[in-house]
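Trainee: Sharing a structure here in structure tokens format.
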Amino acid sequence: MRTILVAVDGTERGLQMVSILGELLQGRKDLHIVLLHCVQQIATLLPGDLCLDIEENCKIPSAAQEKIGNAVVGESLLRLTAAGFPKNNVDLRLRVDSMDPAQDIIDQAVQERIQTIVVGKRGRSQVENLLLGSISSKVAQYSRGKSVWIVDSPVNKSGRALIAMEGVPESRELSYYAAELIAGCPGFKFTFLHLLPPVPPMFWDDGHILGNSEQKDRVGRIDKWKSEWKERVEKYMVEGRDLLVERGIPEKDVETLILPTKEGVARDLLAEIDEHKFQVVLMGKKSFHERKPFLMGSHASKILHNARATILCLVDS
């Protein structure tokens, strides 16, 4: 049985996220959910310079923290089960005196050997949003070997899942993950999408005026490059489609698309998400590992910060 760690808070938006997850995974007896709430000290919600002198006075007693935390996980359990997730498949966890909720969430997943973490996209308060780096982005960045779902409530209820294949090596892992976690959700339709990268520099115009035969040769080599690239991608898409069909998804509910890049991979992907109102988006997490902190240039980071009304699943291969 696969276990999912869901980080919850006491905000209405956070509770809405739990309801969304319950609806998505309703009746899934093959899954186990751990609800985790990290109770923060008041001083940790303030910029460092402001809490130096008041940290001790602002500390919440352990008993009060436990009362707050139990209320949060209790209400989250009610929302999750009311949406249809089996109560017997849920466990509750509490972390008090949390100074770094993102790290506590990751530590809990490591401790319990949980491979999938779910977090809400926005923080607990406007104060927290002012701090550099949200909990969701920190969890996505630093949770090595973990897949992370970021839920932007409320989400589209289209019953459509997008599997964005950026790099060929990670495509098989995305297909297996979608088959195991999402294919069991009734009524979903799946789209495998790959955005064909721009023509590489070796085919660019170098300023030399080409003769007719040279121009014909260059066009032929570009067409060959595109054909070979598509052939490699299509192989993995067919494997992914067959895997979903084996899991009971009707073949008519699985489509494969290879589109040219227009404005850039991230922008084009965001446009597809917005236009077709995808409820779930799966993409590789690899680009997070290849960048330095805050990841402003990675495709995964751009999608994380700009995708709206969807469940973004960053799958670690």
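Trainee: Put Trp149, Trp225 in order of accessible area, largest first, 1.4 Å probe: what do you get? Display every interim value, and only then the final one.
Mentor: Working: Trp149 0, Trp225 40 Å².
Heavy-atom accessible area, descending, gives Trp225, Trp149.
Trainee: Okay, moving on. Could you list, in their original order, any pairs among Lys235/Lys285; Lys146/Lys235; Lys146/Lys189 whose Cα atoms are separated by more than 29 Å?
Mentor: Numbers: Lys235/Lys285 21 Å; Lys146/Lys235 26 Å; Lys146/Lys189 25 Å.
Correct reply: none exceed it.
Trainee: Give me the accessible area of Ile222, 1.4 Å probe, in Å² rounded to the nearest 10.
Mentor: Around 30 Å² of this residue is reachable by solvent.
Trainee: Mind checking the range 1-32 for trypsin sites (Lys or Arg not before Pro) that DSSP puts in a loop (not H, G, I, E or B) and that have at most 12 other Cβ atoms within 10 Å? If you can, show how the numbers build up before the last one.
Mentor: Details: sites: Arg2, Arg13, Arg28, Lys29; in loops: Arg28, Lys29.
Filter output for the range 1-32: Lys29.
Trainee: Pop out the ³J(HN,Hα) list for the range 148-163 in order, Karplus 6.51 cos²θ - 1.76 cosθ + 1.60 with θ = phi - 60°, rounded to Hz; leave Gly and Pro as x.
Mentor: Coupling constants for the range 148-163: 10, 9, 10, 9, 9, 7, x, 9, 4, 10, 8, x, 10, 10, 9, 10 Hz.
Trainee: Continuing with the same structure: Can you tell me which lysines have their Cα less than 17 Å from the Cα of Lys87? Leave out same-chain residues fewer than eight positions away.
Mentor: Excluding near neighbours in sequence, the set is Lys29.
Trainee: To continue, here is another question. Residue-wise, which Karplus ³J(HN,Hα) couplings in Hz belong to the range 88-99, taking 6.51 cos²θ - 1.76 cosθ + 1.60, θ = phi - 60°, and x for glycine or proline?
Mentor: Each residue's phi maps through the Karplus curve to give 5, 9, 10, 10, 10, 10, 9, 10, 9, 6, 6, 9 Hz.
Trainee: 5 Å is the cut-off here: which amide hydrogens, built 1.01 Å from N in the peptide plane, fall below it relative to Thr310, excluding neighbours closer than 5 in sequence?
Mentor: The answer is Asp152, Asn156.
Trainee: Ignoring ligands, DNA and RNA, how do Arg241, Arg218 rank by accessible area with a 1.4 Å probe, largest first?
Mentor: Working: Arg241 65, Arg218 35 Å².
Listed by decreasing accessible area, they come as Arg241, Arg218.
Trainee: Right, here's the next one. Going from most exposed to least, what order do Tyr177, Tyr142 have by accessible area with a 1.4 Å probe?
Mentor: On the way: Tyr177 10, Tyr142 115 Å².
Sorted descending by solvent-accessible area, the residues read Tyr142, Tyr177.
Trainee: Amide H neighbours of Lys189 under 5 Å, counting only residues 5+ apart in sequence or on other chains, H built in-plane at 1.01 Å?
Mentor: Arg160, Ala161
Trainee: For the range 14-25, just list the computed ³J(HN,Hα) in residue order, Karplus coefficients 6.51, -1.76 and 1.60, θ = phi - 60°, integers in Hz, with x standing in for Gly and Pro.
Mentor: With the stated coefficients, the range 14-25 comes to x, 5, 4, 4, 5, 4, 4, 5, x, 5, 5, 9 Hz.
The values are calculated or read from the model by the stated rules, or taken from the named source; none is laboratory data. Values in this document were obtained by computation on a predicted structure and should not be read as measured data. Quick reminder, even Gly has a Cβ in these numbers, built from the backbone with ideal geometry, and neighbours come from all protein chains shown. When the accessible area is computed, the model is the full protein with side chains, heavy atoms only, and any ligands, DNA or RNA have been set aside. Shrake-Rupley method; radii C 1.70, N 1.55, O 1.52, S 1.80 Å.
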